[in-house]
Amino acid sequence: MIVTTLKPLDEVLGFILPYSDILVVGCDGCNQPPRGLREAITLSQLLDLGGKLRGKELTFKTSTVGKQCDDYMAASVIRPQIDDNIEAILSLSCGLGVQTLAKLFPELPVFPAQNTHFMGAEDRDDGILEMRCVGCGDCLLAVTGGICPVACCPKGLLNGAC
């Protein structure tokens, strides 16, 4: 089970305000509570209002994926949604989904709309569980290019490589 909470709207707006066209992607997979298409639409409406209050016109597309952390599933659903106008992706998934989207779409910034508090991932090829996110509850993936420095650095350093 994966437990997430929505980031404060002001924080999410801070991520996306430099962009105009944003794809908001829900995840119908493991998140508790679920964060699918309905939640993606609701969040885009709230962010649209927040952008207007700050004098910025934002355009949103919304979609959802069965499991954002599944490379094939995410790519097959999201790739057709990305056109020349999309400037950024906002993910309603755990940190694993954000990292998967950042890996699949390196040309676009991918931002987390949620903080992850608990999760795990299984490698399909060998069945080994791999920790890629420690669920610290203060997601930094927006500023680290989709790589969790806490989980992926043996020392948990936030200020660069070992």
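The values are calculated or read from the model by the stated rules, or taken from the named source; none is laboratory data. This one's a predicted model, so the numbers in the text were calculated from it and none came from an experiment. Ideal geometry is used to build each Cβ from the backbone, glycine not excepted, and the neighbour counts take in all protein chains shown. Only protein heavy atoms, including side chains, enter the accessible area calculation; ligands, DNA and RNA are left aside. Shrake-Rupley method; radii C 1.70, N 1.55, O 1.52, S 1.80 Å.
Its relative contact order, with pairs defined as Cα atoms under 8 Å and 6+ residues apart, puts the chain at 23 percent. Please label the shape of the range 1-96 as rounded, prolate or oblate, based on the square roots a ≥ b ≥ c of the eigenvalues of the alpha-carbon gyration tensor (a/c under 1.5 means rounded; beyond that, a/b larger than b/c means prolate, else oblate). Oblate, since a/c reaches 1.5 and b/c is not below a/b. The mean accessible area for residues of the chain, using a 1.4 Å probe and ignoring ligands and nucleic acids, is 51 Å² per residue. Beta bridges from DSSP with both residues in the chain: antiparallel share about 30 percent, rounded to the nearest 5.
Between 0 and 90 degrees, the angle of helix 37-53 with respect to the longest Cα principal axis of the chain falls at about 50 degrees. Taken one residue at a time, the phi angles of the range 85-99 give Karplus couplings (6.51, -1.76, 1.60, θ = phi - 60°) of 7, 5, 10, 7, 10, 10, 9, 9, 9, 6, x, 5, x, 4, 5 Hz. Gly and Pro are set to x. Accessible surface of the chain, 1.4 Å probe: 56 percent of it comes from carbon and sulfur atoms. Each Lys and Arg adds +1 at its Cβ and each Asp and Glu adds -1 at its Cβ; summed about the Cα centre, the range 1-97 shows a dipole of about 220 debye. In sequence order, the range 67-77 has phi-based couplings of 8, 5, 7, 8, 3, 5, 4, 5, 5, 5, 8 Hz under the Karplus curve 6.51 cos²θ - 1.76 cosθ + 1.60, θ = phi - 60°, and Gly or Pro positions carry x.
Of the GluC sites (Glu not before Pro) found in the range 10-72, those that fall in a DSSP loop while having at most 12 other beta-carbon atoms within 10 Å are 57. Work out the count of Lys pairs in the chain where the Cα-Cα distance is under 21 Å, with the pair 8 or more places apart or on different chains. Counting lysine pairs in the chain gives 7.
Among (1) 30, 18, 15; (2) 24, 18, 15; (3) 21, 17, 15, which one is semi-axes √(5λ) of the Cα gyration tensor in Å computed from these coordinates? So the structure-derived entry is (2). Note on the chain: with charges restricted to the Cβ of Lys and Arg (+1) and Asp and Glu (-1), its dipole about the Cα centre is near 340 debye.
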